[in-house]
């Protein structure tokens, strides 16, 4: 308040001060009227300044109160190649993250320490919806599923993780009332219906226990759950930095192409910020000749089914 008054006094006085012949001094300007200049400030002016300051402080306080707490997002498969990128991007965009992992020690080594916005919790999607609900917690507003089975001799692994595990996550969300579910799936999950049975990628991805079939059935469960969902089907995943812009198409459209995991993570995170992503299945790849489009435009170009 004192500083505002001083600035006001200086502003008022400056109208009467002009440079003198000496560069380091100023003299009073002659008033245009015959009366002597007045430097007085009325009490009413001071009161108005006080009221303006109070209104500004009140408005600032209301804005801070309306900002509310930071949205917390649970990420399943947080230490995976795509999951870790999702966590990193969520934190960079100001989200609070609960990282669901099977190996807590590995997760602590993978992420920066002492980040108050990051919480690491043990969560195995194959252990049922009850334990997952405890891990997700009542404070999570959205769940991103970036899990994936590890290829091996267990032919049931894709079904345990990509099917039953995803279903467990969805049921946990229904119990808790989580209002947004984002799944990282794959193009060609519905390859049979697309006439892509002989596509080498479709054949290869189904060698390990019909992985794409397991993913497709999990997708169908999500769509029947009633939860606001976005299913992201990327092309072949690359660990390298992005090369080219994102192309987004409706479900059962793309049957070839690749994309950086960084861009897949970006699409998943942006789905939280754009209502145009609601109740949609989107397929994504990246191409160098593709034009740069906003996420509002990308998600908005896909129609709900």
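What to note about this one:
- Evaluated at q = 0.18 Å⁻¹: base-10 log I(q)/I(0), Debye formula over Cα of region 132-191: -0.68
- Protection proxy ranking, highest mean first, for peptides 175-184, 74-83: 74-83, 175-184, where packing is the per-residue count of other beta-carbon atoms within 10 Å, averaged.
- Placing a label point 7 Å from the Cα of residue 160 along the Cα-to-Cβ direction, the residues of region 104-124 whose backbone N falls under 19 Å of that point are 104, 122-124.
- Note on region 72-300: the C-alpha convex hull projects to 11.9 nm² when averaged across all orientations.
- Förster radius 30 Å - calculated FRET efficiency between residue 253 and residue 153, Cβ distance, rounded to 0.05: 0.30
- For residue 278 and residue 174, a Förster radius of 22 Å and the Cβ-Cβ distance give a FRET efficiency of 0.85, rounded to the nearest 0.05.
- Put a dot 7 Å past the Cα of residue 245, heading toward its Cβ, do the same for residue 131, and the two dots end up 4.6 nm apart.
- Full extension of the segment from residue 193 to residue 139, taken as 0.36 nm per residue of separation minus the current Cα-Cα distance, would add 15.5 nm.
- If you model region 162-281 as an ellipsoid using its alpha carbon gyration tensor, with each semi-axis the square root of five times an eigenvalue, the axes come out at 23, 19, 12 Å, biggest first.
- Gyration tensor (alpha-carbon) shape descriptor, region 64-180, a/c threshold 1.5: oblate
- Comparing Cα centroids, region 237-303 and region 104-158 end up 24 angstrom apart.
No value in this document is a laboratory result; all are computed from the given coordinates. Note that the structure is a prediction, hence the values are computed from the model and not measured. Methodologically, a virtual Cβ is constructed for each residue, glycine included, from the backbone with ideal geometry; neighbour enumeration extends over all protein chains shown.
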